[in-house]
Structures are given as structure tokens and as C-alpha cells.
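**Student:** There's a structure below that I have some questions on.
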Amino acid sequence: MASNRVVIENPVINSPFEEPRRHFRFTEDGISNEIATERRTSQYFVPIARPRSRARQRELFETEWLEERIQENRFINQVRDRVSRWRQGSYVDVTRTTSRLIEHWTREDRERRLFFCQIEALETAIYITEVAKKYGDAWIENDLRRANEDANSLLFRIAFKMATGSGKTVVMAMLIAWHVLNKLANPQDARFSDAFLVVTPGITIRDRLRVLLPSDPGNYYRQHDIVPPDLLPEIGKAKITVTNFHAFKPRETTPAGKLTKRILRQDETGAFTESPDQMVRRVCRELGTKHGIVVINDEAHHCYRAKAEEVPEKLSGEERKEAEKRKEEARIWISGLEAVQAKLGIKAAYDLSATPFFLRGSGYPEGTLFPWVVSDFSLIDAIESGIVKVPRVPVADDSMTGEQPTYRELWTRIREHLPRKGRRTEAVSGEPKPPAELEGALRSLYANYEKFFNIWQDDAVAQARGLTPPVFIVVCNNTNVSKLVFDYIAGWEKELRDGTTVNVPGKLDVFSNVAPDGTWLARPNTILIDSEQLESGEAMSSEFKAIARLEIEEFKADYRRRFPGRDAEELTDEDLLREVLNTVGKPGKLGEQVKCVVSVSMLTEGWDANTVTHILGVRAFGTQLLCEQVVGRGLRRMSYATGRSLVQVDGASVEIEAFSPEYAEVYGVPFSFIPCAGSSPPKPGPQPTRVRALEDRAACEITFPRVMGYRYELPAERLTATFTNDSALVLSTEDVPTVTENAPIVGERSIHTIAELKAHRLQEVDFLLAKLVLEKYFRQDGETRAQETKQHRFDPEVKAWLFPQLLAIVRQWREQCVRCKDNTFPQLLLLIELAHHAADRIYTSIIASSEGQSTLKPILRPYDPVGSTRHVDFDTTRPVYATRPDKCHVNFVVADTGTWEQKLAQTLEDMDEVLRYVKNQSLGFSIPYALGGEDRNYLPDFIAHLDHGKGREDPLQLIIEVTGERRKDKEAKVATARSLWVPAINNNGGFGRWAFVEITDPWDAKHAIRASLAQEKP
């Protein structure tokens, strides 16, 4: 039983939001627990010929991680290096639109932070498209075109390798946003497109990717904050079609008998089926007359043009049929894209896949990486960053009958004892009798599952928060094997001698579909699914329907109970089972209480149940590629709440922001990976709580203005300025050295100066400053561009007629208010940062001269000016306080500290004058302020509506800030809230009455709030 393998207790050693800085090192014996302090290079396993003997098969898996079988992905690593250098150089030489998007994606104060791997995928696409050729890296595109010429001669494909669960859908939304916004900003730029065809391997992903449609209520552009709010309407101008590749299959245009077709049809697309042009018109109808579109292939390893094999690989019957089927599906997909290219033109096809490798039957060695892959965030990278669950596989047992643990190489021990495909249904009728090793695997894995299930069952709080039970999945090779496993797990019908039947409970109690009284449960615990047939959209076989007859009827009955008034008979059996499968693990949905899924074929890619904890493979696994595809179905995390974690590196502790590790237990899949401790019973780790706005509390909704900045509204456009001591600006070499001496260790010294600035005329300084004041504060669109720009550019959206007045004021300010210390001169104001400081002082002087007639107003987000509590929906593992239904729209207050949030929430609920309140977490409410010349956003703690003498219809809206230790930034935040934000919003007049209160003691909050109210006029 003893194993000499290294066991890694916690494999999470990197933050998901930063480029990986550490990795576990490989040795000749495989992966070690030694941490290397650098990012892992991109590598892949060299495909080798399939062994002829079982002994060699075992050896293949045993040596899967050996060093001599690993080969560097040189092209990917070279591209990664160039992108990294560009990143470190602040993303130069991109369009203004691209620059704004990158800044938006990488902001540290984002409420929904993007994973590093998501940002890196976009960085790579941007670098190749916009930057590479400017820096001598045209070789990247040339290499890609050569790779495509060999395998996809009519297409230009670029692939991103991203592990399952790392957020590929978000990357798709980012790609679309990048293209659309650039195309709309410059329609003549041929590099970009505003028309997209998204192709998926099946209906499940097709339906799930509706979030890429801007019209979808849950679209990712808004939900994941992919674009700045003011650009959201622009995304709506894109043309996007989402389809599954089966749509590329030519359809019949004219019904006719088989004999007629055989006589008249000369080729595949004859008189009775669509031509390629007709097919493209049907599939791309929503793209209208668009040309030069962008294609996004999800799970793109299904799409390739097979090549003829010099020596065809010899495959067994079932393997050969599977390979032929995959080859045909790949042909349909790639031929469909070639038809689209011929009719509409394709600028680029972006491939996203966790496993972008050629499959068996492609004519390439199985497991060969697509040569057009440009970025790689592998499964081991995702595990070390905590983005996905860690798969735990058997590493030792007490059988000692083979080189591998029995339940790891299960298939080779049981395949001869399982029913073959092709027998009729009655061949697997009667009492299910699985082989001993299979029954042992089921019972062993189930025993571990039961521990997880009991933890869930005993946690009433977690269930009340919407946490559904853990899920156990079994992947079988054919219909008859799945029927055998299903009957063993869920129960079966036994026919008695008199012709009647009785229901026999399943052997695994939690998964049994038979109630204690012998009837079938109204809501089955276990479901049987034919993934392949569901995904194609075609009708399921009569054989499978016969097997799943009772299951289908039970779910129809449940559908009628859940949705009275809807006709369950209008649903096809396929629709119903697809809905059940797609909602496993989702509270309030048809599949929420499913605990076990028995699948014929592989569970489809895109099945995103994050409650999977156990996986059993009952099929052949010839390569690690197939292993990863199956295991990937259980790797989506349940919780994305981060915490601080310590990593031990070279004897020192390094603190990182990371996710806590989650695990999936795997039997029957000979997967070589990080060996993690899995023999101890599961620990009830932090259960995520779903914090969200509840529909039945809509009366407690709180809305608020979304402010970008502040401006003063002047009574007239006759400008004057009053200069005070605050208007002065001192230029000193303390801020900007004007002379620098460089010296080597030995040799001649050199003197560097910026004296060339002195050659510019003073009129140039005045013109620049007047232009800057005009562009920042006097705009026709009513905005204020207070942020510092990277360079001086002319902006057409300004009140140009005010320029002469501003020029005179600037000249007067320069002559009266600028003081130059030693070795400085006024032309230093041509430097951008100093120019902004000057412009701010000049504008303040203009406002001061208005003699109290100026009005402070807010600058609202142009397309998203109002926020609301109804959008709150996130998970947390921190302690929570359950809110009163009549006081708060959101179900919980999250406690970021030990007690004060709970105490303040309780105080607000106890105060009769408080009508409703909400904690400002994932709410999107912020107050812009400046500190040290930098623009920042301040997030106050609470918002409360109080009855302040005008009744419930006109409440006082109170911003509440709880202050502990006084800090410089807190003083700036509080001052801005009181002196800028509140007056500006109240002057606007469209958002009701607002006030601000700072509380230093949450246990005395009631007095502090009431004292503040006493100072406010009703």
C-alpha cells in the first residue's frame, strides 16, 4: 500500500490575477514538490505510437511525465516572451480604443477582476494584430500563415490554449469587444470587424454562449465589465451569430424518395440538398450583408482538415468507428468554415480549446498540438493558480496486482466482462451484475462521495443559501454499459412470474430512484444521458428512449408540477433531458437535486456544473488528451472568493491573494498529474454563500447615481480669473532635474540637459495650456476630462470660441503666478504632467472669479448613469449576516471584519426611521476623488434611506462611512464625499436628497446617525 510518490498538500502557489511566478519542478521521476521561482515554459508531450501489449500500455501511463517525453513549444514561448516585453513597456503602439480597453481590463480596483490567463490571451491577439510588425516581429504572422497553409489552406487560424474552467467565454467577449469598438472607431481599419460567427461543438454550448449576444439580459459585456459603461451601446451595433457546427451540414431542399435521389443525385450537393452558398446564407442570415467577418471556434480541437496517413493506424472496431465519426464531424466543421470564407470572407478564426490537439483519425499523430497555437495556459498552470479544481487519482492501493492501482487502470481489467455495443436492450435487462472490479470502484468512490454528501446534508445554512448537493458522474463507452451501471446505481424493474413488476432499489442509497414504498421517485436522484445525441440536436435513438422511458416520464411530471399551465408534451424528450442536464447544480432549476449523472459517450464540453466532486470512467482512455477531456468535466470551481495564502519558497513565506484549493476525486481515468493527498476524509471547507438581490424584496431596491467626476457650471461664457496664493506654481529642479551627469566606472563623463525645451517660444506654452484647459473643462459634450492624457492631442469636442479668452487668462497667469527657481524656465510647462498641474490651477482661478455664481454639478456616466441593488449577485466564503426582508433588497451583509458590519446592519434594522439599507459590496457605487495627483475611486460602506420628515416617497439618502484609524487617504475620501459628491448630486436635482455621515464607533452608530440628521434640513 505504501507509495514513494511525492504528495503535495496544497498545489495553489500562484495568484490567479498575476502572471505565474512559481511552478512545481519536474524531475526524472515526475513532478516534485520543489518550487521553481519562475513561470513554467510551455511544453507538450511528444505523441508516441500506441503499444501493442497491455504491459506497454501500462508503461505508457506510468512514464507519461518523464522528462524525455516532454518537448518545448518553442513558437509559443517565443511569442510569450515578446508579449511579456510589450506588457512591461506599458502596451505601446496600439489604437486609442485598444489602449482604453487594456486599461479597463487591468484596473486594480475592478469589482470583477479578470484572470491573468484571460488578459494574456487578448494581449497576444492584440500584439500579433497591432504591434508585432512595428517591432520586427512579422515572423509571428508568417509562421502562423505557413502553419495554416499546411493544415487550413483557406483560413487564417489563431489558437489560444486555455484550461477548462479558466474562463474562455470571457475571452470570447473580450475578443468581440476589441474588434467591434476598434471597427466602429475607425471603419476604414481593415484589421478589425464588427461581424462574428461563433461556432460550437453542440447545442449545450451554443445555448450557453448566448451571453455573447449584447441583447441577452445576462450578457458578459455588462456582467463581467468587459467594456467601459459608456461604450456598452456600441457593442450592441455588432452582428453576432452563435451556432453549432451541425448547422454546416447541407439540408434537404426538396423532399424525395430514396430511389429518386439515388437515380438523380450525382454528388453530395445535388438537386435535393443545399449548395454551399445556400448553407452559408442560412447559417449567417443574421450577419446580413457583412463581409470580412471574424470566426470564433469554441472547443476548436473538433475542427480540422484530415490528411491522408502514410501508414494507416490499425484500430479496433469501436475505436475505428469513433475515429471515423470524429473525422466526419471535423470535415463538416472545417468545410463549413471554408464555405463561409468563400462567400463572406474571414479575417481571422480564433480557436479556443483546453486541448487544441489533433484527434485520432485526423491523419496526424494523436495528441499533436495545433501549430497555430499562440498562447498556452495549461491545466497544470490553472491548478497551480487555483483557477480549477485539483483532480485526485489513485496512486496506491492494497491490491498489489499490477503496476498501477486497480481503480486507476479500471478499463483494462473489466472490458472483457462488459456487454458489447450492438446487442438489443434485453441483453442488459434483468438484475444488473457489473464485474467485481467495477462494482468495487463504484462502492469505493461512492463511500467517499457519501462523506461529501453528508457534510452538505448536515449544513442547513448552506442549503438555505442555494447550495445544491455534490454530483457524481460516470462516463460509459456505450448504451448497454451505461444501462448496466444506471440500473445498478438507480434501481431497476424486476419482472415476476405472474407478469407483474416490482421496483428494485439501486445499490447506492443516495443515488437510488426508488422510494421506500417501492415507487419511482418523483424527482430522480440519478439521470441517464446520451450526450452525443443531445448535442447534435437530432432525435435520440429508439433504443436509448426505451432505456430512459421512466426517467423521461418522471421529469415530465416534475415539469408539470414546477410550471403549471405549460404543456410538457410540447417538449421533446431531447429538450427535456437537455434542460435537466444543463441545470444540474443550479438552484431552482429542473436539475438542481440530481446527484448522479450516468453518461453514454463523453459528457459534452461546455457542461459547466461546478458541483461535480467525483468522476468514474468506464471506457477506454488511449491518451492523456482524452483523460484531460473527461476529467475537465469536473474541474469548474464552486467558490471564487479569494483570501490571503502563504507559500513556502526556499524557506521563506510568500503571501499571495489566492483561491483555496478544491478537489475532484477521479477513478477509472489513468490521468497523470499532481499527486495530492486524498486519503483523509473531506474537510468541510469554506462553503460559498450566494449574496444577491431577491425579487420578493424589490420594494427595498436602492438606486444611486454613477459619477465619473465633477464640474462647475458657470452662469455665462464671459471668462475672468482671480489669482490667489493657491494659483501659484513653483518650478524647481527638485521636481524635474534639468542637468544630469552620467559617468562610467572608468572613462569619460557626459552631461545630459533638457535645455532644448528653452528654445520653444513662450507663446507655445500659452497655447498648450489654453488648449489643455479647454479640452479638460470646457467641452461641448458637457464632460470633464480630468484624467491626465499620455500625450498632447487636439480634441474636436470643445468650445473653441472660448479659446481667445482662455489664452489671455493663461498669459496673465504665467506672468503673475509662475515662479522659476534655479536652473528652471517656463518652458518646462510643456512637459505633460506639469501642464496638467498648471491647467488645474488656471481653471480653479476661473471658478473663483465667478463670485459664488458657479454651480457644482456631477459628471455622470453617459450610458450607465444609474446603479441599483438589483444587480447584486456574487459568492463569498466570508461570514454573513442575514438581512431583514423588509429592510434590505440583498439577502446578506458580508462581514469583511470581525463584527462591525453585522453590528451596523443590526443597528440600521432596529431604527424605525431607516426605511431600507444596503452594504456597498459588488454594488458598483463609488465616489471619485484625487490623492497625490492620481484619480481614484472610493467605496463607502453603506447606503441607507431614512424618513426625514417627508415620508417614504422622499427619503433622505444617507452615505455611511465607518472609520477606524485615521489615514491620509481616508481624509481625502471623506472630504470629497462631503464637499464635492453630495453637493454636486443635490444640485443635479434628479436623484433626491443625499447626505454623508462618518461613524467612528459602530456601537454608537444610532446616536451618530441621528445627530447627523438633526443637522440636515428636512
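The values are calculated or read from the model by the stated rules, or taken from the named source; none is laboratory data. All values reported here derive from a predicted model rather than from experimental measurement. Neighbour counts are summed over all protein chains in view; Cβ atoms, including those assigned to glycine, are modelled from backbone coordinates with ideal geometry. Calculation scope for accessible area: heavy atoms of the full protein, side chains included, ligands and nucleic acids excluded. Shrake-Rupley method; radii C 1.70, N 1.55, O 1.52, S 1.80 Å.
**Student:** Using heavy-atom solvent-accessible surface (probe 1.4 Å) with all chains present, what is the largest-first order of 153, 90?
**Tutor:** 90, 153
**Student:** For residue 910, project a label point 7 Å along Cα to C-beta. Then give me every residue of the range 938-965 with its amide nitrogen under 16 Å of that point.
**Tutor:** The answer is none, because no backbone nitrogen lies closer than 16 Å to the label point.
**Student:** Can you tell me the relative contact order of the range 185-252? Whole percent, Cα pairs under 8 Å, sequence separation 6 or more.
**Tutor:** Working: 63 pairs, mean separation 31.0, N = 68.
That works out to 46 percent.
**Student:** At 1.4 Å probe size, with no ligands or nucleic acids counted, give the accessible surface of residue 813 in Å², nearest ten.
**Tutor:** That residue has around 0 Å² of solvent-accessible surface.
**Student:** What FRET efficiency would be calculated for the residue pair residue 78, residue 451, taking the C-beta separation as r and a Förster radius of 56 Å, to the nearest 0.05?
**Tutor:** The computed FRET efficiency comes out at 0.75.
**Student:** Let me ask something additional. Tell me the accessible surface of residue 324 in square angstrom (1.4 angstrom probe, heavy atoms of protein chains only), to the nearest ten.
**Tutor:** 110 Å²
**Student:** With a 1.4 Å probe and every protein chain kept in, tell me what percent of the accessible surface of the range 333-488 is carbon plus sulfur. Present the calculation step by step, with values, prior to reporting the outcome.
**Tutor:** On the way: 2550 of 5320 Å².
Accessible surface attributable to carbon and sulfur in the range 333-488 totals 48 percent.
**Student:** Can you give me the solvent accessible area of residue 143 with a 1.4 Å probe, rounded to the nearest 10 Å²?
**Tutor:** The accessible area comes out at roughly 50 Å².
**Student:** Ok, one more. What spacing in nm lies between the two simple spin-label points modelled at residue 415 and residue 939, each 7 Å away from Cα in the Cβ direction?
**Tutor:** It works out to 5.3 nm between the two label points.
**Student:** Another question, then. Give the calculated FRET efficiency between residue 884 and residue 1010 to the nearest 0.05, with a Förster radius of 22 Å applied to their Cβ-Cβ distance.
**Tutor:** After rounding to 0.05, the efficiency reads 0.65.
**Student:** Using label points projected 7 Å from each Cα along Cα→Cβ, tell me how many nm separate residue 734 and residue 216, to one decimal.
**Tutor:** 5.7 nm
**Student:** Any idea how far the Cα center of the range 627-644 sits from the one of the range 113-182, in Å?
**Tutor:** With the range 627-644 and the range 113-182 each reduced to a Cα centre, they are spaced 24 Å.
**Student:** Could you calculate the contour length gain from residue 154 to residue 763, that is, 0.36 nm times the residue separation minus the distance between their Cα atoms, to one decimal place in nm?
**Tutor:** Full-extension gain reported as 213.4 nm.
**Student:** Find the percent of Cα-Cα distances in the range 160-215 that exceed 12 Å, and round it to a whole number.
**Tutor:** 71 percent
**Student:** What Kirkwood hydrodynamic radius, in Å, does the range 71-113 give when the mean of 1/r is taken over all pairs of distinct Cα atoms and then inverted?
**Tutor:** On the way: mean 1/r = 0.0822 Å⁻¹.
For the range 71-113, inverting the mean 1/r across all distinct Cα pairs yields 12.2 Å.
**Student:** Shifting gears a bit: Show me the ranking of peptides 235-244, 357-366 by mean Cβ neighbours inside 10 Å, starting with the highest.
**Tutor:** Working: 235-244: 19.2, 357-366: 21.2.
Output ranking for 235-244, 357-366: 357-366, 235-244.
**Student:** Suppose the chain between residue 138 and residue 87 were pulled fully straight at 0.36 nm per residue; how much longer would it get relative to their current alpha carbon spacing?
**Tutor:** Full-extension gain reported as 16.6 nm.
**Student:** Sorted from largest down, give the three principal axis spans of the alpha carbons of the range 445-502, whole angstrom values.
**Tutor:** 49, 30, 20
**Student:** Taking the highest mean first, how do the peptides 168-176, 288-296, 986-994 order by number of other beta carbon atoms within 10 angstrom per residue?
**Tutor:** The most tightly packed comes first, giving 168-176, 288-296, 986-994.
**Student:** Roughly how many whole Å is it from the C-alpha centroid of the range 700-729 to that of the range 807-882?
**Tutor:** About 8 Å separates the Cα centre of the range 700-729 from the one of the range 807-882.
**Student:** To continue, here is another question. For residue 963 and residue 830, calculate 0.36 nm times their separation in residues minus their Cα-Cα distance, and state this gained length in nm to one decimal.
**Tutor:** 43.8 nm
**Student:** Then there's this: Order the following by accessible area, largest value first: 343, 389, 771. Probe radius 1.4 Å; ligands, DNA and RNA are ignored.
**Tutor:** The residues order as 343, 771, 389, largest area first.
**Student:** Now, a different point. For the pair residue 579/residue 321, report the inter-label distance in nm, with labels modelled 7 Å from Cα in the Cβ direction.
**Tutor:** Reported label-point gap for residue 579 and residue 321 is 3.2 nm.
**Student:** Taking all protein chains in place and a 1.4 Å probe, what share, in percent, of the accessible surface of the range 93-218 do carbon and sulfur account for?
**Tutor:** Details: 2040 of 4480 Å².
Carbon with sulfur: 46 percent of the solvent-accessible area.
**Student:** Would you mind getting me the FRET efficiency between residue 342 and residue 954? Use the beta-carbon distance for r and R0 = 51 Å, nearest 0.05.
**Tutor:** My answer for the efficiency is 0.20.
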